[in-house]
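Below: the structure, in structure tokens.
The values are calculated or read from the model by the stated rules, or taken from the named source; none is laboratory data. All values derive from a computational prediction rather than experimental measurement. Cβ atoms come from the backbone with ideal geometry, glycine included; neighbour counts cover every protein chain shown. Quick note on the areas: whole protein, heavy atoms, side chains included, nothing else; ligands and nucleic acids left out. Shrake-Rupley method; radii C 1.70, N 1.55, O 1.52, S 1.80 Å.
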Amino acid sequence: LGVWMIQLATIFTFTCLVAGKAPANEKAPQTFDFNEIKPKAEKGDAHSQFLLGVIYHDGRGVLKNDTEASAWLRKAADQGHAQGQYCLGALYGSGKGIVRDYVEAYKWLHLAAAQNGPSQQDAVKACKLLADSMAPDQIAEAKRRAAAFVPRKEADHQTISQPSELDLLKAKAE
């Protein structure tokens with residue numbers, strides 16, 4: 001399993017290095033501007049959540065925080081973001097910032113491998129490496145979880161503005 005961990009860590013590092021490359025239908029930010037990315041991530045933008053996870057994982061302009069990285073990568077992965085799924089799978093496999101769980105690692109890597117994107121080939125390789133260290137029933141369970149996965153969009157975190165005094169006076173007059 002040690003060789004698998006080293007290979008997966010290498011693949012994960014490469015994915016994070018090219019993390020600024022957005023899918024073809026999205027415009028990628030030129031730099032990792034935390035102050036630009038975080039508000040978008042908080043509003044539910046999956047690619048920004050992925051980038052924020054990478055920022056925390058690598059410590060790019062912030063303190064390195066694997067727990068925070070895994071939380072943001074989970075948000076992106078839950079929305080079906082392939083690179084987020086790949087990186088979350090790698091974290092589950094390594095146990096960095098999250099409890100090590102090979103079934104969950106395989107699930108997320110399998111989901112990423114099924115999508116056409118920059119992480120697809122690496123996810124396929126990682127699944128094969130991980131499968132060599134798993135029991136058949138573990139792989140079956142991971143595939144069952146992957147098949148049951150339904151991406152969900154996060155609701156925008158919009159704040160409801162309080163009515164002004166003028167609005168309250170107008171409402172009373174009506």
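General observations
- Checking each residue in region 39-65 for being crowded, with 23+ Cβ neighbours inside 10 Å and either touching a residue at least 40 places away in the same chain (Cβ under 8 Å) or closer than 23 Å to ARG145 by Cβ (or both) picks out ALA46, GLN49, PHE50, GLY53, HIS57.
- Scanning region 41-82 for residues that are among the charged types (D, E, K, R) and assigned to a helix (DSSP H, G or I) turns up GLU42, ASP58, ASP66, GLU68, ARG74, LYS75, ASP78.
- Checklist (1) outside any helix (DSSP H, G or I); (2) open to solvent by less than 20 Å² (accessible area, probe 1.4 Å); (3) small (Gly, Ala, Ser) applied to ALA112, failing item: (1)
- Residue match in region 66-83 (condition: at pLDDT 95 or above, touching an Asp or Glu at 6+ places or on another chain (Cβ under 7 Å), on the phi < 0 side of the Ramachandran plot and open to solvent by less than 20 Å² (accessible area, probe 1.4 Å)): yes
- Filter result for LYS125 (surrounded by fewer than 17 Cβ atoms within 10 Å (Cβ to Cβ), over 14 Å from ARG145 (Cα atoms) and touching a residue at least 40 places away in the same chain (Cβ under 8 Å)): yes
- Qualifying residue in region 142-162 (condition: over 24 Å from the mean Cα position of the chain (by Cα), surrounded by fewer than 12 Cβ atoms within 10 Å (Cβ to Cβ) and at pLDDT 60 or above): no
- Residue in region 89-101 that is closer than 20 Å to VAL150 by Cα, part of a helix (DSSP H, G or I) and either basic (Lys, Arg) or free of Cβ contacts under 8 Å to residues at least 60 places away in the same chain (or both) present: yes
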